[in-house]
Each structure stands twice: as C-alpha cells, then as structure tokens.
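The values are calculated or read from the model by the stated rules, or taken from the named source; none is laboratory data. Source: prediction; values computed, not measured. Every residue, glycine as well, gets a Cβ built from its backbone with ideal geometry; the counts of neighbours run over all protein chains shown.
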C-alpha cells in the first residue's frame, strides 16, 4: 500500500504543479491584455493632445509610435501565451485523469484488501464450529 500512496502523492503533486502553471499563464495573459489596454488609452490621449491620428504624418508623436509597437508586441505575446495555455490545460487534464486512475486503483485495492481480510477472519470461525474429536477417536484399533 505504501507504493500506491506514494504514487497518489506524486500524481497529486504533478496535478498541482500543472494547475499552478495554468494559473500562472492565465495571470500573465490577463496582465498583458491589461497593459495593452493601458497603452491603447495612452496612445489615444497622445493622439488627442497632438491632434494627429495619421501614423504616416511627419509630426505624428514618437511616443505614440513607440506605444503602438509595445501594444502590438504585448498582444502578440498574449496570443503566444494563449497557445501555451491550451497546451498547459491539456497537460492538467491528463494529470488529473492519471490522479483519478491512481485513486481508483488504490480504492479498489483497499476494497480487495478488506474483502480478503474478511475471508481470513471467517476461516477461524469455521474451525471453531467443527465438532471436537473425542480422545477415543484419535486411537484407532485395527
């Protein structure tokens, strides 16, 4: 039973690790999206301040150009993280399935162990019910 318990502990650790990884990626995606929205707001403010919305105009604000590039980079990174998130979610699902299987196997083994123990405990009862032999029955005369 010790090996089953250690397998379950290992599977539980792996599932927890995958869950942490998924949560971390989700947090990063949310943070990148928030930062991209903030940059979008800053770009709009800068365009309003300068009065120029045409990015090819010679007087278009340099800060707005740089912020647009950072925003685009953040969005691309968020897209890359979305694909990593899908892979991590699949890994989490597999780890949870393996944990469930290990727990079911342990439960099955435990049930078998109690059933086997019940049979062994039952055997002495049968011996107690057998009629005792008399002392004369052990001596045979031929």
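Just to be sure, is residue 37 modelled with pLDDT of 95 or more and either under 17 Å from residue 96 (Cβ atoms) or out of contact with any helix residue (DSSP H, G or I) (no Cβ under 7 Å at 6 or more places or on another chain) (or both)? Step through it out loud before you land on a result.
On the way: modelled with pLDDT of 95 or more: yes; either under 17 Å from residue 96 (Cβ atoms) or out of contact with any helix residue (DSSP H, G or I) (no Cβ under 7 Å at 6 or more places or on another chain) (or both): yes.
Taking the combined requirement at face value, the residue satisfies it.
From 49, 12, 4, 75, grab the single residue that is modelled with pLDDT of 95 or more and assigned to a helix (DSSP H, G or I). Lay out the reasoning, then the answer.
On the way: 49 fails: modelled with pLDDT of 95 or more; 12 fails: modelled with pLDDT of 95 or more; 4 fails: modelled with pLDDT of 95 or more.
The unique qualifying residue is 75.
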For this session: For region 32-76, name all the residues that are surrounded by 13 or more Cβ atoms within 10 Å (Cβ to Cβ) and either touching a strand residue (DSSP E or B) at 6+ places or on another chain (Cβ under 8 Å) or within 24 Å of residue 86 (Cα to Cα) (or both).
Result: 32, 33, 35, 36, 71, 73, 74, 75
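Check 99, 104 and return the single one that is part of a helix (DSSP H, G or I), at pLDDT below 95, surrounded by fewer than 11 Cβ atoms within 10 Å (Cβ to Cβ) and within 33 Å of the chain's Cα centre (by Cα). Break it down stepwise before answering.
Values: 99 fails: surrounded by fewer than 11 Cβ atoms within 10 Å (Cβ to Cβ).
On inspection, the qualifying residue turns out to be 104.
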Seminar exercise, completed: When residue 22 is run through (1) more than 18 Å from residue 76 (Cβ to Cβ); (2) without any contact (Cβ under 8 Å) to a residue 24 or more places away in the chain, the failure sits at (2)
For this session: May I ask you to list pairs of residues, at least six apart or on different chains, whose Cβ atoms are under 8 Å apart, with the first in region 46-66 being at negative phi and touching a residue at least 40 places away in the same chain (Cβ under 8 Å) and the second being in a helix (DSSP H, G or I) and surrounded by fewer than 10 Cβ atoms within 10 Å (Cβ to Cβ)?
Result: none
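From the list 110, 89, which one is at pLDDT 50 or above and more than 30 Å from residue 2 (Cβ to Cβ)? Outline the logic, then answer.
On the way: 110 fails: more than 30 Å from residue 2 (Cβ to Cβ).
Every option except 89 fails the conditions.
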